[in-house]
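Shown next, in structure tokens, is the structure this report addresses.
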Amino acid sequence: MQPVPPRPRTRTTAGAATLALLLLTACSPGDEAPDRSEGAVAPTEEDTASPSPSARPDDSDPFTIAFGGDVMFEGLLEPALADPRTALAPIAGQLSAADLTMVNLETAVTEGGTPAPDKTYLFRAPATALEALDAAGVDVATIANNHGMDYGVDGLTDTLANGEASPVALVGAGRDAEEAYTPHVAEVNGQSVALFGATDVLDDHLMTEWTSGEGKPGMASAKGEMKQRLLTAVSEAAAEYDNVAVFLHWGLEGSHCPLPHAPSLAQELVDAGAAAVVGGHAHVLSPGGFLGDSYVHYGLGNFVFYNFDGPTAETGVLTLTFDQGSVTGSDWVPARIQGGVPVPYEGEAAAQATQTWVDMRTECGLPLTDSPA
């Protein structure tokens, strides 16, 4: 199989130093959404309203971000990294077609570290995993999930260092909370976009150890009191950048429908300024659709994974069109995992797979729509 030529990386990426300084003055964490009446930082209606065509900057155009689900390289996928340029070739064309691409990297990127205690499944991969993602067109990966610290703080430190040496930006974890809650910021078609990662899933006995803090390495979390920190970070980013997207690790393994609290969490993130909230973890597909002029996807399923039978093999690529703080269009390309890698459906099979996915909205009782309000 021939390697897919990498798309030109003409986008300019920017650090988030300003946002990092703002985060130092974030309001006290709590378990509720920001109360705008009491001084919580939040974008005003004027800040977040989509501009009329006449108000659009001359050098600004809509852009697309493609999202894929859970990625790891254990088992049968490990030999594929012998040639990372072709490891994800069956799906690389779809990923590379977007202006930006983001996935959930559900593994520590390390060859060292100490295995986390009392865990059945431990995932790690060498730095060539990032080469494989880069060759397939992936620009950003969240490592905020229940496997990102499978090999402890040392494994996380290795992961972050490998990310810094790679064109693939890693978000959702850091050497302290400031870094973990700082988004990756990129400029595309004259618009800025801030991309966050955070987890809503952590083993109870590892939650304290794995959650980032002041001077403490760990994950960005949406759980408990840390939810407020995430909401504040999103709100501040929405005030500074044109577009914001959040990739969450959430849901219940094996369940297509979101957990009861998830719609409220999605709404809080949208109210804070997120144009898109997408996620994974359940190992099966979950519903997605528009919530006003924002987009929410409750679970993209496995993506590059050793499960390839039944519902755990159903996956796809979600491509969203962003424009000045809103999502204006969506495209779902269903796929099935074969040999650990997604292969897009074609023809009638694609239509049937798409309809099955759309029907999940009704099955789960979610008020999501095909188009923005």
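The values are calculated or read from the model by the stated rules, or taken from the named source; none is laboratory data. Note that the structure is predicted; figures quoted are calculated from it, not measured. As a convention, Cβ positions derive from the backbone with ideal geometry for all residues, glycine included, and neighbour counts pool all protein chains shown.
So that you can scan it fast, the table gives a plain yes or no per residue for (1) touching a helix residue (DSSP H, G or I) at 6+ places or on another chain (Cβ under 7 Å); (2) assigned to a loop (DSSP other than H, G, I, E, B); (3) buried (at least 24 other Cβ atoms within 10 Å of the Cβ):
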| site | (1), (2), (3) |
| --- | --- |
| 245 | no, no, yes |
| 256 | yes, yes, no |
| 264 | no, no, no |
| 270 | no, no, no |
| 289 | yes, no, no |
| 295 | no, no, yes |
| 321 | no, no, no |
| 328 | no, no, no |
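I need the full set of residues from the stretch 73-93 which are crowded, with 24+ Cβ neighbours inside 10 Å and not in a helix (DSSP H, G or I), in order please. Across the stretch 73-93, the qualifying residues are 73, 87, 88.
Would you mind listing the helices (runs of 4 or more DSSP H) fully within the stretch 158-240 where at least 2 residues are touching a Leu at 6+ places or on another chain (Cβ under 7 Å)?
Working: elements: 177-180, 207-210, 226-240.
Of the helices (runs of 4 or more DSSP H) lying wholly inside the stretch 158-240, those with at least 2 residues that are touching a Leu at 6+ places or on another chain (Cβ under 7 Å) span 226-240.
The number of residues in the stretch 148-167 being surrounded by fewer than 24 Cβ atoms within 10 Å (Cβ to Cβ) and either polar (S, T, N, Q) or under 19 Å from the mean Cα position of the chain (by Cα) (or both) comes to 7. Within the stretch 207-222, the residues that satisfy the criterion of being out of contact with any Lys or Arg (no Cβ under 8 Å at 6 or more places or on another chain) and over 21 Å from residue 141 (Cβ atoms) are 208, 209, 213, 214, 215, 216.
Would it be correct to say that residue 282 is part of a loop (DSSP other than H, G, I, E, B), buried (at least 21 other Cβ atoms within 10 Å of the Cβ), among the small types (Gly, Ala, Ser) and on the phi < 0 side of the Ramachandran plot? Write out each step before concluding.
Working: part of a loop (DSSP other than H, G, I, E, B): yes; buried (at least 21 other Cβ atoms within 10 Å of the Cβ): yes; among the small types (Gly, Ala, Ser): yes; on the phi < 0 side of the Ramachandran plot: yes.
It is true that residue 282 is part of a loop (DSSP other than H, G, I, E, B), buried (at least 21 other Cβ atoms within 10 Å of the Cβ), among the small types (Gly, Ala, Ser) and on the phi < 0 side of the Ramachandran plot.
Against the conditions (1) at pLDDT 95 or above; (2) under 20 Å from residue 317 (Cβ atoms), residue 112 satisfies every one except (2).
As for the stretch 303-319, it holds at least one residue that is out of contact with any Phe, Trp or Tyr (no Cβ under 6 Å at 6 or more places or on another chain) and free of Cβ contacts under 8 Å to residues at least 12 places away in the same chain. Taken together, the residues in the stretch 110-134 that are outside any helix (DSSP H, G or I) and free of Cβ contacts under 8 Å to residues at least 60 places away in the same chain amount to 14.
From the residues in the stretch 156-215 that are among the β-branched types (Val, Ile, Thr) and out of contact with any helix residue (DSSP H, G or I) (no Cβ under 9 Å at 6 or more places or on another chain), which one is farthest from residue 124 (Cα to Cα)?
Pass one, the stretch 156-215, residues among the β-branched types (Val, Ile, Thr): 157, 159, 168, 171, 182, 185, 188, 193, 199, 201, 208, 211.
With the extra rule that they be out of contact with any helix residue (DSSP H, G or I) (no Cβ under 9 Å at 6 or more places or on another chain), the set shrinks to 157, 159, 188, 193, 201, 208.
On the way: 157: 13, 159: 10, 188: 32, 193: 29, 201: 18, 208: 21 Å.
This residue is 188.
Scanning the stretch 239-256 for residues that are of a type in the set (A, V, I, L, M, F, W, C) and in contact with an Asp or Glu (Cβ under 7 Å, 6 or more places away or on another chain) gives 239, 248, 250.
Taken over the stretch 142-157, the criterion of being in a helix (DSSP H, G or I) and under 26 Å from residue 300 (Cβ atoms) is satisfied by 155, 156. Of all residues in the stretch 344-359, one or more are under 18 Å from residue 96 (Cα atoms) and either in contact (Cβ under 8 Å) with a residue 24 or more places away in the chain or out of contact with any strand residue (DSSP E or B) (no Cβ under 9 Å at 6 or more places or on another chain) (or both).
Looking across the stretch 144-169, the residues that are in contact (Cβ under 8 Å) with a residue 60 or more places away in the chain and closer than 17 Å to residue 209 by Cα come down to 144, 145, 146, 147, 148, 149, 153, 156, 157. Residues that are under 26 Å from residue 87 (Cβ atoms) and acidic (Asp, Glu) were ranked within the stretch 330-373; the one that is surrounded by the fewest Cβ atoms within 10 Å (Cβ to Cβ) is 346. Remark: residue 311 falls outside the filter, which requires a residue to be touching a helix residue (DSSP H, G or I) at 6+ places or on another chain (Cβ under 6 Å) and either over 24 Å from residue 239 (Cα atoms) or small (Gly, Ala, Ser) (or both).
Does residue 240 fit the bill of being under 20 Å from residue 360 (Cβ atoms), more than 16 Å from the chain's Cα centre (by Cα) and of a type outside the set (A, V, I, L, M)?
On the way: under 20 Å from residue 360 (Cβ atoms): no; more than 16 Å from the chain's Cα centre (by Cα): yes; of a type outside the set (A, V, I, L, M): yes.
No.
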